[in-house]
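S.K.: Here you go, one structure.
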């Protein structure tokens with residue numbers, strides 16, 4: 001007993017060390033960044049006294065009245081402040097030595113929601129939006145020696161005009177958005193030192209010619225001239241793959257940039273067939289691009305792939321594929337909306353291994369590190385800015401429209417080089433309880449048409465869609481509804497799946513359908529969630545078992561309908577909310593994993609149903625020399641999910657057995673030598689990227 005106790009204690013100490021270390025991990029993509037993490041002063045401002053009281057000023061000598069917090073910071077995750085909605089203040093002193101010829105840029109990867117920045121008693125600027133990056137040039141605000149940076153953040157998004165915002169249609173309990181308004185400086189804050197003429201952003205458009213095997217690469221540099229004179233940038237671009245240079249010849253036009261302005265510089269080239277490696281789910285080949293102008297360098301990665309809709313199918317590099325996905329709400333106990341690297345990595349692996357590979361990921365854009373993993377290991381993502389259930393008045397309101405356009409632009413400019421991002425959502429859940437069906441309203445159709453037009457000007461290389469519920473039974477004619485403007489249909493369907501899908505297909509027979517939300521609650525473990533004690537595999541109730549069965553029941557309907565290209569489960573994880581129907585413990589139990597990411601029974605069912613491979617036992621024989629052989633039939637699913645597989649392998653009893661390339665519907669017989677006399681054997685199937693997508697225990701008798 002004592003040995004067991006010591007082992008448990010040792011594991012706890014190791015876990016504590018690992019997690020305390022991991023909580024400090026927040027990826028900043030710019031290698032030259034100067035992080036402003038560490039200790040900041042913090043105070044709530046419920047009476048809005050901070051501006052009048054000059055809490056941003058060095059003259060405020062009440063530093064002992066501020067708490068100490070560590071950035072990134074979500075004040076809503078602090079038990080003292082979890083119910084607070086309003087303004088909070090952050091202050092940080094730092095030393096600086098001014099350098100001539102440099103522009104100092106202050107970056108926020110995200111702050112929720114309305115942010116105002118002061119430096120050395122002077123107002124720098126404001127920003128609205130909770131999930132997208134923004135920055136300010138603070139060169140002229142800095143001084144030699146001690147500087148004081150002060151930031152006020154307000155998390156009240158229950159206001160008409162904010163994105164997302166409270167509803168103004170007088171519906172009971174409809175003023176809250178469906179997830180928590182977690183406030184604070186929730187992502188990294190840092191400085192960069194740039195030359196006076198520097199590259200602000202780079203956009204890479206990589207378009208393959210699938211017949212010739214070549215690829216056209218167009219690179220657009222946005223260059224800022226912060227100097228006092230007109231400049232003629234001499235930018236150059238290098239491409240590499242796996243640390244080896246890819247020799248190319250660029251075509252470009254010389255350009256001049258007036259003082260204090262920003263201009264675009266375009267470069268074009270063509271990669272030969274020998275230089276092209278296409279990006280796809282199981283072979284996610286990435287290229288690195290480095291743009292240089294004088295002493296300034298900006299790097300990014302990109303993938304070469306073609307995504308298109310054709311013949312009611314989603315094609316990746318000319319090949320059809322159908323995939324499952326999941327909606328991941330950024331929410332974790334004691335962290336709120338913070339996303340340290342360890343949590344992103346954990347969620348990514350759990351989702352990937354559950355067969356969640358094609359996501360309408362969530363109602364807003366999460367940390368970019370998730371997208372980096374999706375690029376590196378293969379995943380398709382539909383991303384969106386944080387708009388949700390806008391009313392007709394809001395959709396026609398110029399303030400709301402401006403806010404959305406700004407936030408969409410910030411999202412697109414952050415994400416447009418990610419090959420994993422294949423589509424954008426321009427509004428989510430255009431619906432309301434009662435008699436209002438927003439995608440049928442003129443305001444809903446105007447918003448959809450106008451915002452897709454705006455978004456395509458920024459990024460014409462992606463597909464566009466929006467999510468709705470009431471397309472399941474309405475309208476009578478496709479021209480009466482806003483989905484006429486999208487590339488593919490996104491439907492949130494929570495019942496009568498077969499009838500709903502058939503109705504949508506009848507309306508839009510040329511458009512494939514993504515089930516952007518489907519699922520059911522897993523009530524039955526509420527006491528466990530409320531207390532946050534560790535779970536075991538046996539801590540589930542009848543609601544969780546019904547949730548698991550629901551997956552099998554609905555997938556059988558999806559498999560009958562070849563026009564369904566994806567099904568994204570609501571939700572991957574449980575999450576906190578103030579929306580109606582939330583349990584008294586604060587959680588909505590829709591996840592196939594619980595709040596702490598322990599697995600529900602539905603996780604294993606989803607993994608088995610959504611694996612692109614199925615295995616069947618054909619027999620078990622004893623050979624002439626006494627050896628035993630298990631005979632399996634391995635089949636690539638042909639209905640759902642369905643796509644060509646390459647490089648998959650089986651692991652059993654420390655043996656690795658390669659699976660041949662299989663197109664949907666094709667099979668291969670596999671023989672597995674069996675050692676020992678166990679009555680059963682574990683068969684694990686892995687992707688070439690190392691993710692275990694299927695585990696089955698097969699009896700040997």
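S.K.: Which condition breaks for residue 343 when tested against (1) farther than 29 Å from residue 637 by Cα; (2) assigned to a helix (DSSP H, G or I); (3) out of contact with any strand residue (DSSP E or B) (no Cβ under 8 Å at 6 or more places or on another chain)?
M.R.: Just one mismatch for residue 343, condition (3).
S.K.: If you don't mind, there's one more thing I want to ask. Looking at (1) outside any loop (DSSP other than H, G, I, E, B); (2) surrounded by 23 or more Cβ atoms within 10 Å (Cβ to Cβ), which one does residue 427 not meet, given that it meets all the others?
M.R.: Against the list (1) outside any loop (DSSP other than H, G, I, E, B); (2) surrounded by 23 or more Cβ atoms within 10 Å (Cβ to Cβ), residue 427 comes up short only on (1).
S.K.: Please tell me if residue 72 is within 34 Å of the chain's Cα centre (by Cα) and more than 29 Å from residue 412 (Cβ to Cβ).
M.R.: Taking the combined requirement at face value, the residue does not satisfy it.
S.K.: Continuing with this model, one more query. How about the stretch 141-171: which of its residues are under 24 Å from the mean Cα position of the chain (by Cα), modelled with pLDDT under 80 and either in a strand (DSSP E or B) or surrounded by fewer than 16 Cβ atoms within 10 Å (Cβ to Cβ) (or both)?
M.R.: Listed by number, the list is empty, since nothing qualifies.
S.K.: I'd like to verify a number: residues in the stretch 269-292 that are surrounded by 20 or more Cβ atoms within 10 Å (Cβ to Cβ) and either under 11 Å from residue 238 (Cβ atoms) or modelled with pLDDT under 95 (or both), how many?
M.R.: Residues meeting the conditions: 3.
Here is a yes/no grid of residues against (1) in contact with a strand residue (DSSP E or B) (Cβ under 7 Å, 6 or more places away or on another chain); (2) assigned by TED's automatic domain parsing to the domain that holds residue 377:
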| position | (1), (2) |
| --- | --- |
| 604 | no, yes |
| 635 | yes, no |
| 639 | no, no |
| 642 | yes, no |
| 653 | yes, no |
| 671 | yes, no |
| 675 | no, no |
| 693 | yes, no |
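S.K.: Further question on the same structure: Does the stretch 407-419 hold any residues that are in contact with a helix residue (DSSP H, G or I) (Cβ under 9 Å, 6 or more places away or on another chain), touching a residue at least 60 places away in the same chain (Cβ under 8 Å) and buried (at least 24 other Cβ atoms within 10 Å of the Cβ), and which are they?
M.R.: Matches in the stretch 407-419: 419 only.
S.K.: For the stretch 34-47, which positions are in contact with a strand residue (DSSP E or B) (Cβ under 6 Å, 6 or more places away or on another chain), in a loop (DSSP other than H, G, I, E, B) and at pLDDT 95 or above?
M.R.: 36
Rundown of residues vs (1) at pLDDT below 95; (2) in the same structural domain as residue 408 (by TED's automatic domain parsing); (3) closer than 22 Å to residue 387 by Cα; (4) surrounded by fewer than 20 Cβ atoms within 10 Å (Cβ to Cβ), yes/no style:
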site	(1), (2), (3), (4)
336	no, yes, yes, no
355	no, yes, no, no
360	yes, yes, yes, no
363	yes, yes, yes, no
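S.K.: Moving on to the next point. Out of all the residues in the stretch 551-566, which are without any contact (Cβ under 8 Å) to a residue 40 or more places away in the chain and either farther than 14 Å from residue 608 by Cα or surrounded by 14 or more Cβ atoms within 10 Å (Cβ to Cβ) (or both)?
M.R.: 556, the sole residue that qualifies.
S.K.: Filter the strands (runs of 3 or more DSSP E) completely within the stretch 183-262 down to those with at least 2 residues that are in contact with a strand residue (DSSP E or B) (Cβ under 9 Å, 6 or more places away or on another chain) and over 30 Å from residue 339 (Cα atoms). Outline the logic, then answer.
M.R.: On the way: elements: 189-195, 197-208, 215-225, 235-241.
In the stretch 183-262, 197-208, 215-225, 235-241 are the strands (runs of 3 or more DSSP E) which contain 2 or more residues that are in contact with a strand residue (DSSP E or B) (Cβ under 9 Å, 6 or more places away or on another chain) and over 30 Å from residue 339 (Cα atoms).
S.K.: Here is a follow-up. Exactly one condition in (1) closer than 30 Å to residue 577 by Cβ; (2) in contact (Cβ under 8 Å) with a residue 40 or more places away in the chain is false for residue 345; which is it?
M.R.: (2)
S.K.: Still on this structure: Among the residues of the stretch 41-63 satisfying the criterion of being over 11 Å from residue 148 (Cβ atoms) and within 31 Å of the chain's Cα centre (by Cα), which is surrounded by the fewest Cβ atoms within 10 Å (Cβ to Cβ)?
M.R.: Here the residue is 44.
S.K.: Ok, one more. So which residues in the stretch 83-103 are surrounded by 15 or more Cβ atoms within 10 Å (Cβ to Cβ) and touching a strand residue (DSSP E or B) at 6+ places or on another chain (Cβ under 8 Å)?
M.R.: Listed by number, the residues that qualify are 84, 86, 87, 88, 89, 90, 91, 92, 96, 102, 103.
S.K.: Given the criteria outside any loop (DSSP other than H, G, I, E, B), surrounded by fewer than 16 Cβ atoms within 10 Å (Cβ to Cβ) and either touching a residue at least 12 places away in the same chain (Cβ under 8 Å) or under 30 Å from the mean Cα position of the chain (by Cα) (or both), does residue 126 qualify? Give the steps one after another, and end with the answer.
M.R.: Working: outside any loop (DSSP other than H, G, I, E, B): yes; surrounded by fewer than 16 Cβ atoms within 10 Å (Cβ to Cβ): yes; either touching a residue at least 12 places away in the same chain (Cβ under 8 Å) or under 30 Å from the mean Cα position of the chain (by Cα) (or both): yes.
Spelling it out, residue 126 is indeed outside any loop (DSSP other than H, G, I, E, B), surrounded by fewer than 16 Cβ atoms within 10 Å (Cβ to Cβ) and either touching a residue at least 12 places away in the same chain (Cβ under 8 Å) or under 30 Å from the mean Cα position of the chain (by Cα) (or both).
S.K.: Follow-up. Could you grab me the full set of residues in the stretch 245-255 that are at pLDDT 95 or above and loosely packed, with under 15 Cβ neighbours inside 10 Å?
M.R.: The answer is 245, 247, 249, 251.
S.K.: Return yes or no: is residue 417 farther than 28 Å from residue 556 by Cβ, part of a loop (DSSP other than H, G, I, E, B) and at pLDDT below 90?
M.R.: no
S.K.: With 235, 215, 299 as the choices, which residue is touching a helix residue (DSSP H, G or I) at 6+ places or on another chain (Cβ under 9 Å) and not assigned by TED's automatic domain parsing to the domain that holds residue 356?
M.R.: Numbers: 235 fails: touching a helix residue (DSSP H, G or I) at 6+ places or on another chain (Cβ under 9 Å); 299 fails: touching a helix residue (DSSP H, G or I) at 6+ places or on another chain (Cβ under 9 Å).
Result: 215 is the single residue among 235, 215, 299 that is touching a helix residue (DSSP H, G or I) at 6+ places or on another chain (Cβ under 9 Å) and not assigned by TED's automatic domain parsing to the domain that holds residue 356.
S.K.: Also: Before we move on, is residue 56 in a loop (DSSP other than H, G, I, E, B), assigned by TED's automatic domain parsing to the domain that holds residue 153 and modelled with pLDDT of 95 or more?
M.R.: Working: in a loop (DSSP other than H, G, I, E, B): yes; assigned by TED's automatic domain parsing to the domain that holds residue 153: yes; modelled with pLDDT of 95 or more: yes.
Yes: the conditions hold for residue 56.
S.K.: Looking for something more than 26 Å from the chain's Cα centre (by Cα) and either modelled with pLDDT of 95 or more or more than 30 Å from residue 590 (Cβ to Cβ) (or both) - is there at least one such residue anywhere in the stretch 197-207?
M.R.: So in the stretch 197-207, the residues more than 26 Å from the chain's Cα centre (by Cα) come out as 197-198.
With the extra rule that they be either modelled with pLDDT of 95 or more or more than 30 Å from residue 590 (Cβ to Cβ) (or both), the set shrinks to 197-198.
Yes, the stretch 197-207 contains at least one residue that is more than 26 Å from the chain's Cα centre (by Cα) and either modelled with pLDDT of 95 or more or more than 30 Å from residue 590 (Cβ to Cβ) (or both).
S.K.: Hey, can you tell me all the residues within the stretch 656-671 that are buried (at least 16 other Cβ atoms within 10 Å of the Cβ) and part of a loop (DSSP other than H, G, I, E, B)?
M.R.: 659, 664
S.K.: Regarding the stretch 61-78, can at least one residue be identified that is modelled with pLDDT under 95, in contact with a helix residue (DSSP H, G or I) (Cβ under 9 Å, 6 or more places away or on another chain) and part of a loop (DSSP other than H, G, I, E, B)?
M.R.: no
S.K.: Continuing with the same structure: If residue 653 passes every condition in (1) more than 21 Å from residue 621 (Cβ to Cβ); (2) surrounded by 12 or more Cβ atoms within 10 Å (Cβ to Cβ) but one, which one does it miss?
M.R.: Unmet condition: (1).
The values are calculated or read from the model by the stated rules, or taken from the named source; none is laboratory data. Nothing here was measured: the structure is a model prediction, and the numbers come from that model. A quick note on method: Cβ atoms are made from the backbone with ideal geometry, for glycine too, and the neighbour counts reach across all protein chains shown.
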